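The values are calculated or read from the model by the stated rules, or taken from the named source; none is laboratory data. In this text, all values refer to a predicted model and were calculated from it rather than measured experimentally. Every residue, glycine among them, receives a Cβ derived from its backbone with ideal geometry; neighbour counts consider all protein chains shown.
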């Protein structure tokens with residue numbers, strides 16, 4: 001058996017760990033791709049077969065290694081892949097931005113009715129906003145990925161928002177980043193007022209849409225998981 005010098009052995013171990021970490025994240029990239037494909041199919045179908053497309057735009061990401069390591073440390077999760085799989089469900093994430101609140105619920109329903117999608121959890125911050133005014137529908141959806149080694153069920157966090165909600169959340173994120181999460185109270189109050197204004201704008205635009213198209217507006221929310 002050939003013995004490697006200490007520095008070469010450390011480098012070899014680091015490379016092996018890096019390769020294993022990349023393989024781990026690859027599962028989430030493939031899971032994300034499965035959800036992206038489903039959304040793309042829905043989007044194209046709406047464009048071709050319907051008079052109205054509820055999907056405005058879509059963004060997605062897989063957490064970077066640094067971001068994932070930071071979250072593992074912050075949550076006190078054991079630094080092994082099984083613990084990370086069990087403890088962190090938003091490694092892969094996708095955000096679907098819609099015109100109206102009803103679109104968010106409609107798309108959630110269309111995605112979760114598919115046979116190969118399993119709903120692991122739902123947090124309906126549209127029906128019950130956070131104290132700071134944050135509104136969005138969060139769902140952890142599990143999809144199968146078929147690798148050469150076999151089937152892997154991968155969780156993907158899917159967020160559904162209106163344009164107004166997305167604009168508010170983007171601004172809020174920038175403010176929290178600028179102040180390193182220690183935001184002055186007066187700014188927090190202004191953010192809450194802005195969230196209320198965004199919610200009112202959503203309601204007004206939905207009413208206008210209903211009047212133009214002769215649609216009866218009905219309250220929507222996630223009724224079952």
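Yes or no: residue 29 under 19 Å from residue 140 (Cα atoms), at pLDDT 90 or above, touching a strand residue (DSSP E or B) at 6+ places or on another chain (Cβ under 6 Å) and not in a helix (DSSP H, G or I)?
Numbers: under 19 Å from residue 140 (Cα atoms): yes; at pLDDT 90 or above: yes; touching a strand residue (DSSP E or B) at 6+ places or on another chain (Cβ under 6 Å): yes; not in a helix (DSSP H, G or I): no.
Here the answer is no, as residue 29 does not meet what is asked.
Does any residue in region 199-214 that is at negative phi and touching a residue at least 40 places away in the same chain (Cβ under 8 Å) come within less than 6 Å, Cβ to Cβ, of a residue that is part of a helix (DSSP H, G or I) and surrounded by 14 or more Cβ atoms within 10 Å (Cβ to Cβ) six or more places away or on a different chain, and which pairs are these?
202/101; 202/164
Per-residue answers, yes or no, for (1) modelled with pLDDT of 90 or more; (2) touching a strand residue (DSSP E or B) at 6+ places or on another chain (Cβ under 7 Å); (3) surrounded by 12 or more Cβ atoms within 10 Å (Cβ to Cβ):
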| position | (1), (2), (3) |
| --- | --- |
| 16 | no, no, no |
| 20 | no, no, no |
| 43 | yes, yes, yes |
| 102 | yes, no, yes |
| 106 | yes, no, yes |
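Which condition number in (1) at pLDDT below 75; (2) over 17 Å from residue 125 (Cα atoms); (3) surrounded by 11 or more Cβ atoms within 10 Å (Cβ to Cβ); (4) under 23 Å from the mean Cα position of the chain (by Cα) is the one that residue 181 fails?
Among (1) at pLDDT below 75; (2) over 17 Å from residue 125 (Cα atoms); (3) surrounded by 11 or more Cβ atoms within 10 Å (Cβ to Cβ); (4) under 23 Å from the mean Cα position of the chain (by Cα), the lone unmet condition for residue 181 is (3).
Filter region 165-176 down to residues that are touching a helix residue (DSSP H, G or I) at 6+ places or on another chain (Cβ under 8 Å) and modelled with pLDDT under 90 and give me whichever is surrounded by the most Cβ atoms within 10 Å (Cβ to Cβ). Give the derivation first.
Just the residues of region 165-176 that are touching a helix residue (DSSP H, G or I) at 6+ places or on another chain (Cβ under 8 Å), to begin with: 165, 167-168, 171-172, 175.
Filter once more, so that each one left must be modelled with pLDDT under 90: 167-168, 171-172, 175.
Working: 167: 15, 168: 25, 171: 14, 172: 19, 175: 16.
Top of the filtered list is 168.
Any chance region 200-208 includes a residue that's more than 30 Å from residue 30 (Cβ to Cβ), part of a helix (DSSP H, G or I) and within 22 Å of the chain's Cα centre (by Cα)?
Within region 200-208, the first condition is being more than 30 Å from residue 30 (Cβ to Cβ), and the residues that meet it are 200-208.
Keeping just the survivors that are part of a helix (DSSP H, G or I) gives 200-208.
Right, trim to within 22 Å of the chain's Cα centre (by Cα) and you get 202.
Taking every residue of region 200-208 in turn, at least one turns out to be more than 30 Å from residue 30 (Cβ to Cβ), part of a helix (DSSP H, G or I) and within 22 Å of the chain's Cα centre (by Cα).
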